[in-house]
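Comments concern the structure below.
The values are calculated or read from the model by the stated rules, or taken from the named source; none is laboratory data. Values in this document were obtained by computation on a predicted structure and should not be read as measured data. Note that each Cβ is placed from the backbone with ideal geometry, even for glycine, and that neighbours are counted across all protein chains shown.
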């Protein structure tokens, strides 16, 4: 196995040197993606995810640093890189007034397929992404999920070796997100190298072999989903029960998880670390049932991105800071 | 070049999918023809020649000058929607998208000019020169429109929002077309404005096109200045200047552009 994407010490500053509002979007970011694997770049808004993708996909020149994609130097030979990558951005970057079919033909032609080749590929992709029925309708009439799928289809026209997906599910409803995950998982089985950015730990978990967490333009943690979760304390089991049963519940869960539980009298909750996840949940339910206890509510709480951030950096995701500052809307994102 | 034509084709395909765009981009100039012919025209004194003969070249030039708006708006929208990013990630020439866009807008101008010419003929416009001169006049209009289109590329890629593109263009092009000999004699303007109007590319274009359509030079040739004497030469100089300045700037802008 060899590295398909390498980024070394990327630096990109927006706003110019003299400008005191200058934003250091990338601050010495380095990462490596092995061929045929999926790397998820996880971070809040403004952490440099999009900027990283823009640099690696030749849209933006970094101030300094080095990057290669499939062994090709991104800065020296951008045009060669463009031949072998696919990019699908945060917005569905397709022509809304045209139909899905028109769009795929246009992009196919721009990738230098023959007229017939472009048509065949368009039909194939529409079929694959369950868009055949909507092929002749203008994109304007598509749902958010359909747009994203078409956008993704457009980035797959020449079967790229390396695919960049920038927040592929942001703004989608749960169903759209689920569909998108299935499509992406399917692609990954086909052997493409994928770099995907996301704000959702769950998404990274679902799709990625390795996760790189970035904040303020540099890498603050990396590893598998499991190892990161371990870092932030993993899942917790929370059980709401009537006050008089609380101590018994506590005994039961402590026996199952072999760790100390906490009781929160205010909300009648017993909470315990649940490294076993769902199997701990099932076992707990079984035991509670056997003891004749029926909880008011029981839930497995996964660590959120905020938890990860808190654990890794000691501060809350920048998103919140950005809203308070609000002076530089969106700029830091690029 | 082939890539550019694909972009042009996409733009023309848009016109088929949303024919309203084409309808509205022709209605406005047609309304101008009717307004000036029947509403303002009666109040504008043009001894020796029918006002409509002077008006039509003026409106033709105004219309093609506004190509800058169409181009700017189209590109600003593409950028806002992320399409420009996608195009830039494709293995195509850096100039393809902007060349394609300007060619598409030029094609649209052909359609609009034809519709306007027909309207003009219906309301009494009768060019008196040879067919070759008339065609040369229209060719000049198209080339001027194409040059203006490149200014639109730079504007469209520079603004943060497509609505801003529209305002910027109107702020600039609207006075430019009115501060000219297009609709009324410049002799009615205060002295300093007359000089501006005289050197205004719109004026030289209008005078040049009138010349090609067989009209005597009049309607604003206030002084024996160079642009008044040689409108065709000056128009070609302006066209060349526009292209020399804006084509390289626009292509460079496209290479480094990033949505705001």
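How many residues are surrounded by fewer than 13 Cβ atoms within 10 Å (Cβ to Cβ) and more than 23 Å from residue B:217 (Cβ to Cβ) when one looks only at the range B:113-166?
4
Evaluate the range A:170-181: report whether one residue or more is at positive phi and within 14 Å of another protein chain (Cβ to nearest Cβ).
yes
So is residue A:116 more than 27 Å from residue B:252 (Cβ to Cβ) and away from chain B (no Cβ under 12 Å) or not?
Values: more than 27 Å from residue B:252 (Cβ to Cβ): yes; away from chain B (no Cβ under 12 Å): yes.
In short, yes.
Report yes if residue A:81 is closer than 13 Å to residue A:5 by Cβ, under 25 Å from the mean Cα position of the chain (by Cα) and in the same structural domain as residue A:13 (by TED's automatic domain parsing), otherwise no.
yes
Just checking, which of A:98, A:152, A:110, A:75 is crowded, with 16+ Cβ neighbours inside 10 Å, at negative phi and more than 9 Å from every other protein chain (Cβ to nearest Cβ)?
A:152
If residue A:81 satisfies all but one of (1) within 20 Å of residue B:88 (Cα to Cα); (2) in contact with a helix residue (DSSP H, G or I) (Cβ under 8 Å, 6 or more places away or on another chain), what's the number of the condition it fails?
Unmet for residue A:81, out of (1) within 20 Å of residue B:88 (Cα to Cα); (2) in contact with a helix residue (DSSP H, G or I) (Cβ under 8 Å, 6 or more places away or on another chain): (2).
Could you please find all residues in the range A:53-70 being more than 14 Å from chain B (Cβ to nearest Cβ) and either free of Cβ contacts under 8 Å to residues at least 12 places away in the same chain or surrounded by 22 or more Cβ atoms within 10 Å (Cβ to Cβ) (or both)?
A:67
Among the residues of the range A:273-302, write down those that are touching a residue at least 12 places away in the same chain (Cβ under 8 Å) and within 19 Å of residue A:227 (Cα to Cα).
Residues satisfying the conditions are A:273, A:274, A:275, A:276, A:277, A:278, A:280, A:300, A:301, A:302.
Hey, among the residues in the range A:182-232 that are free of Cβ contacts under 8 Å to residues at least 40 places away in the same chain and part of a loop (DSSP other than H, G, I, E, B), which one's surrounded by the most Cβ atoms within 10 Å (Cβ to Cβ)?
Looking at the filtered set, the residue picked out is A:224.
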